[in-house]
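Derivation of every value follows stated rules applied to the coordinates shown; laboratory data play no part. Because the structure is predicted, anything quoted here is derived from the model rather than measured. Every residue, glycine as well, gets a Cβ built from its backbone with ideal geometry; the counts of neighbours run over all protein chains shown.
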Amino acid sequence: MSLIICSICGNDEFEDTTILWPALIEEWEISTEEADYINRQQGTHCVRCKANLRGVALGNAIREVVGTGEPLTRFVKTSSAGRLRVLDINGTAASEVLSALPGYVRADYPDVDMQAMPFKAASFDVVIHSDTLEHVPRPLDGLKECRRILAPNGHLCYTVPIIVGRMTRNRQNLRPSYHGNPEESGYDFIVQTEFGADAWTFPLQAGFSSVKINTVSFPAATALTAC
Ligand SMILES: [Zn+2]
């Protein structure tokens, strides 16, 4: 793997752990190669701040929309960061760092449902979420809500697991699949949608005018930015 710099803390040391377990690989009907890149996306993490590769990809997407080349740990101390209104839905690898911002708001399920959020239109400059959209029963409604609460030039930055070799499928008629520890899985972790190669069309269907996809190690770790 080429050198990756952590977009969140600036560190360049990463280590691997395995995340997927055999039952999940079988439910998802994915190949060993696909399982391997999902393990890299979720399991390879920064030794300093613990961000995994999807967190690093998300951090890069955030840095781009706020216009900084600095790690987020340094960006949050700048004066332009002080004016930024950020909504963090359910927490991400960048949450701890971004929570230092005066304009940071955290909204977690079930208190806040992404499909119907208690915020006024155009209240935020940046909305972020990470591996949450696949658990939302109506992902398009979730994305439309993100668009509604964003200011006119605002951006949504998010990650979602994407199986790049096939199209998105709805799991509602398939055997329930859960993320998280299989022993402790609750309903909240149930996967509603398995995103595929057409994942980029969802924000456009929800009314965003552009979509950009960032990667730090394709196809292991991608983040989407919708404007
Ligand atoms: Zn880091």
Could you work out the relative contact order of the chain? I mean the mean sequence separation of Cα pairs under 8 Å and 6+ apart, divided by the number of residues, in percent.
20 percent
When DSSP beta bridges are limited to those with both residues in the chain, what percentage is antiparallel, rounded to the nearest 5?
50 percent
If a/c stays under 1.5 just call it rounded; otherwise compare a/b with b/c (prolate if a/b is bigger, oblate if not). Do that for the stretch 105-227, with a ≥ b ≥ c from the square roots of the Cα gyration tensor eigenvalues.
oblate
Determine the alpha carbon to alpha carbon distance for each of Lys77/Lys212; Lys77/Lys144; Lys77/Lys120 and list only those over 29 Å.
Lys77/Lys144
Hey, if you put +1 on the Cβ of every Lys and Arg and -1 on every Asp and Glu Cβ in the stretch 14-226, which of Val66, Gly142, Ala199 ends up farthest toward the positive end of that dipole?
Val66
GNM of the chain, Cα pairs under 10 angstrom: of Gly59, Gly82, Gly142, the biggest fluctuation goes to Gly82
With springs only between Cα atoms under 10 Å, which of Pro161, Pro102, Pro139 fluctuates most in a Gaussian network model of the chain?
Pro102
Cα-based Rg (one decimal) and Dmax (whole number) for the stretch 62-127, in Å?
12.1, 35
Taking square-rooted eigenvalues a ≥ b ≥ c of the alpha carbon gyration tensor, is the chain rounded, prolate or oblate, where a/c under 1.5 means rounded and, failing that, a/b exceeding b/c means prolate?
oblate
Between rounded, prolate and oblate, where does the stretch 1-125 land on the alpha carbon gyration tensor, with a ≥ b ≥ c its root eigenvalues, rounded for a/c under 1.5, else prolate if a/b exceeds b/c?
oblate
